[in-house]
There are 2 protein chains.
Amino acid sequence: MPSDTRERLIDAGAELFWRQGYVATGVKQIVTTASAPFGSMYHFFPGGKEQLGAEAVRRSGAAYGELVPLFFDTAADVVSATLSLFGGAADTLRDTDWADACPIATVALEVSNTSEPLRQACADVFESWLELLGERFRAAGIAPDRAREVAIVLVALLEGAFVLARAMRTTEPVLAAGRAAVAEVERALSPDAG
Amino acid sequence: MPSDTRERLIDAGAELFWRQGYVATGVKQIVTTASAPFGSMYHFFPGGKEQLGAEAVRRSGAAYGELVPLFFDTAADVVSATLSLFGGAADTLRDTDWADACPIATVALEVSNTSEPLRQACADVFESWLELLGERFRAAGIAPDRAREVAIVLVALLEGAFVLARAMRTTEPVLAAGRAAVAEVERALSPDAG
DNA sequence: TGGCCTCTAGATTGATCGCTCTAGCGATAC
DNA sequence: GTATCGCTAGAGCGATCAATCTAGAGGCCA
């Protein structure tokens, strides 16, 4: 069985990196938050903060990816699923004081040119989301290449809207992005129009 | 006349925050890069790193905003301007080793919940971009409310595509976002179709 | 010349950074 | 019993953090 302390360290790291970013989060703070002994940190993660960071990113990514079935399995179709995905994101953002946005976007931008393992972890997470979403769009009858493109546009709209919304403290960008995402999905569903 | 040293400090800060983010950039590094005396830093910016950061963000934002007339004045219409804007962004990103993306996005995410002055500076910059773009879309005949929404969608697509592209090391998201941006602009130009 | 003010110059502060180190606890194996 | 191993525990390393401090250089005006 996996060590309990190790799990708690990853969870604490994921939470803190989400909220504060990678650079601003100290190892000591992670250890304290996890109620773990400091020595265990480097026992379980000989690669140090970077290794813990990579595992935390992957865990956050997997958790966030579970939102895809949550929204797309309950909705009537991919259009309404897309709409409620953005609507839910806007509500969550506002209700959490503009904190609960993408758990890895800040880290992704921070480390993109400074840590290859972390950059790779972020890339893998994004790719997994694209695959999860692409699958849904293919199931809705959209051709594979087009399905991937729609998935990319959807994720880009969400990530970009998060950046704007968190800075400007308004849900306006998320709602506008949601309408654009719906339009993109509809456009892919009926490629003849336009 | 404005002090030369002060100007150099802001420029150096803007450059470093762009490349490394706000948290990862040290005051000492800014001073060294600017070839400025350390004492001058706190003479010109009694508010410290935070004050310099806010001014650097506004300067970067203004410089980046100049891309709007650059692309929209030379293009035949707003659609081709949008297309070349994303195309240019993709080329630049690839040619600079995925470094030259949005100069303030990393900072915006980093400080959104930790520094109100910096958050405000980022919000002001985004708002200025939305105004610059909205103006162009209004001039193209799009109703004011709709023009703002198109501007938001365009910026969100670009910011989100940057996040994906920098992590995944491919221009694919920027190009896909560009096509979606073009579709959004076209949709706004002919609201009857669809 | 003397006084004032802006800016330069960098040593220094206390705190925190990521990380290494030794020491020892407790359970299992023989 | 005792040797081994996984894990706990935290003191302490050198480096770096943002920021403060004193000291003085140089221009401007009287």
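What does the charge dipole of chain B about its Cα centre add up to, to the nearest 20 debye, if the Cβ of each Lys and Arg holds +1 and the Cβ of each Asp and Glu holds -1? Write out the running numbers ahead of the final one.
Working: 17 positive and 26 negative charges, 86 e Å.
My answer is approximately 420 debye.
Any idea what the relative contact order of the stretch B:4-56 is, in percent, if you count C-alpha pairs under 8 Å spaced at least 6 apart? Write out the running numbers ahead of the final one.
Numbers: 45 pairs, mean separation 25.7, N = 53.
Reported as a whole number, the value is 48 percent.
With unit charges on the beta carbons (Lys and Arg positive, Asp and Glu negative) and the dipole taken about the Cα centre of the protein assembly as shown, which residue among B:22, A:30, A:174 sits farthest to the positive side?
A:30
Which aspartates and glutamates, on any chain, are close to residue A:49 with Cα under 15 Å apart, when same-chain ones fewer than 8 places away are left out?
The qualifying aspartates and glutamates are A:7, A:11, A:15, A:110, A:116.
Keeping every protein chain in place, order B:83, B:157 by accessible area at 1.4 Å, biggest value first, i.e. largest first.
Working: B:83 100, B:157 0 Å².
Sorted descending by solvent-accessible area, the residues read B:83, B:157.
Nearest-to-axis residue of chain B, judged by Cβ, for the B-to-A rotation, with distance in whole Å?
Axis relating chain B to chain A; nearest Cβ residue and distance: B:160, 2.
Determine the total buried accessible area between chain B and chain A, counting protein heavy atoms only with a 1.4 Å probe; round to the nearest 100 Å².
That pair hides around 3800 Å² of surface in total.
Which value, in Å² rounded to 10, gives the accessible area of residue B:171 with a 1.4 Å probe and all protein chains present?
30 Å²
Averaged over B:165-172, how many beta carbons belonging to a partner chain fall within 10 Å of each residue's beta carbon? Don't jump to the answer; show the numbers that get you there.
On the way: counts 4, 8, 17, 11, 4, 1, 0, 4.
Partner-chain Cβ atoms within 10 Å, mean over residues of B:165-172: 6.
Compute the helix-to-body angle for A:172-189: its Cα long axis versus the longest principal axis of chain A, expressed 0 to 90° and rounded to tens.
It is inclined by approximately 50 degrees.
Taking only the Cα atoms of the stretch B:4-56, how large is their convex hull per residue, in Å³? Write down the numbers at each step before the final one.
Values: hull volume 3.1 nm³, N = 53.
In the stretch B:4-56, the Cα convex hull volume per residue is 59 Å³.
Quote the relative contact order of the stretch A:66-189 in percent (integer), defining contacts as alpha-carbon pairs under 8 Å separated by 6+ residues. Write down the numbers at each step before the final one.
On the way: 112 pairs, mean separation 41.7, N = 124.
Relative contact order of the stretch A:66-189: 34 percent.
If the only charges are +1 at each Lys and Arg Cβ and -1 at each Asp and Glu Cβ, what is the size of the charge dipole of the protein assembly as shown around the Cα centre, to the nearest 20 debye? Don't skip to the end; give the middle numbers.
Values: 34 positive and 52 negative charges, 155 e Å.
Using Cβ point charges on Lys, Arg, Asp and Glu, the protein assembly as shown gives about 740 debye.
Please give the average number of partner chain Cβ atoms lying within 10 Å of the Cβ of each residue in B:176-185, rounded to a whole number. Write down the numbers at each step before the final one.
Working: counts 9, 7, 1, 4, 12, 3, 0, 6, 8, 0.
For this peptide, the per-residue mean of nearby foreign Cβ atoms is 5.
Using a 1.4 Å probe on the protein heavy atoms only, what accessible surface does residue A:77 show? Give it in Å² to the nearest 10.
Near enough 80 Å² of accessible area.
Run the helix sum for the protein assembly as shown: -39,500 (n - 2.57) per DSSP H stretch of 4+ residues, divided by residue count, reported at 222 nm to the nearest 500 deg cm²/dmol. Could the numbers behind the result be given before it?
Details: 20 runs with 298 residues, N = 388.
Result for the protein assembly as shown, helices only: -25000 deg cm²/dmol.
How do B:33, A:82 stack up against each other in accessible area, from largest to smallest, with a 1.4 angstrom probe? Display every interim value, and only then the final one.
Numbers: B:33 75, A:82 0 Å².
Correct descending sequence by accessible area is B:33, A:82.
Dividing the alpha-carbon Rg of chain A by 2.2 N^0.38 Å yields what?
On the way: Rg = 18.1 Å, N = 194, 2.2 N^0.38 = 16.3 Å.
Ratio of Cα Rg to 2.2 N^0.38 Å: 1.11.
Once you have the Cα-Cα distance between residue B:99 and residue B:67, take 0.36 nm times their residue separation minus that, and quote the gain in nm to one decimal. Kindly include the intermediate steps, with their values, before the conclusion.
Numbers: separation 32, 0.36 × 32 = 11.52 nm, distance 1.74 nm.
Result: 9.8 nm gained on full extension.
So for each of A:37-43, A:58-64, A:150-156, B:142-148 I average, over its residues, the number of other beta carbons within 10 Å; can you give me the resulting order with the highest mean first? Walk me through the numbers on the way to the answer.
Details: A:37-43: 13.7, A:58-64: 17.4, A:150-156: 27.0, B:142-148: 15.9.
Packing order, densest peptide first, comes out as A:150-156, A:58-64, B:142-148, A:37-43.
Ignore the peptide's own chain and count Cβ atoms of other chains within 10 Å of each Cβ in B:116-123; give me the average, rounded.
On the way: counts 0, 0, 1, 5, 3, 1, 5, 6.
If you average over the peptide's residues, the count of other-chain Cβ atoms is 3.
Angle, helix B:78-95 long axis vs. longest principal axis of chain B, Cα atoms, 0 to 90°, nearest 10?
40 degrees
Measure off 7 Å from each Cα along the Cα-to-Cβ vector at residue B:3 and residue A:4, then give the distance between these two points in nanometres to one decimal.
Rounded to a tenth, the inter-label distance reads 5.8 nm.
Once the label point is set 7 Å along the Cα-to-beta-carbon vector, what list of distances in nm do you get between residue A:191 and its counterparts in the other copies?
Taking the point 7 Å beyond Cα along Cα→Cβ, the inter-copy spacings are 3.0 nm.
Does anyone have the angle between helix B:144-168 and the longest principal axis of chain B? Alpha-carbon axes, 0 to 90°, nearest 10?
The helix B:144-168 is inclined about 60 degrees to chain B.
Classify the protein assembly as shown as rounded, prolate or oblate, taking a ≥ b ≥ c as the square roots of the eigenvalues of its Cα gyration tensor: rounded when a/c is under 1.5, otherwise prolate if a/b is larger than b/c and oblate if not. Write out the running numbers ahead of the final one.
Numbers: a/c = 2.00, a/b = 1.13, b/c = 1.78.
Since a/c reaches 1.5 but b/c is at least a/b, the shape of the protein assembly as shown is classed as oblate.
In nanometres, what is the gap between the two model label sites at residue A:131 and residue B:170, each 7 Å from Cα along Cα-to-Cβ?
1.2 nm
Count charges around residue A:23 for me, please; just the other residues with Cβ under 9 Å from its Cβ, Lys/Arg as +1, Asp/Glu as -1.
Working: positive: none; negative: A:110, B:110.
Result for the local shell: -2.
The values are calculated or read from the model by the stated rules, or taken from the named source; none is laboratory data. Keep in mind the model is a prediction, meaning the values are calculated, not measured. Virtual Cβ from ideal backbone geometry, glycine too; neighbours counted across all protein chains shown. Note: accessible area is taken over every heavy atom of the protein model, side chains too, but ligands, DNA and RNA are not part of it. Shrake-Rupley method; radii C 1.70, N 1.55, O 1.52, S 1.80 Å.
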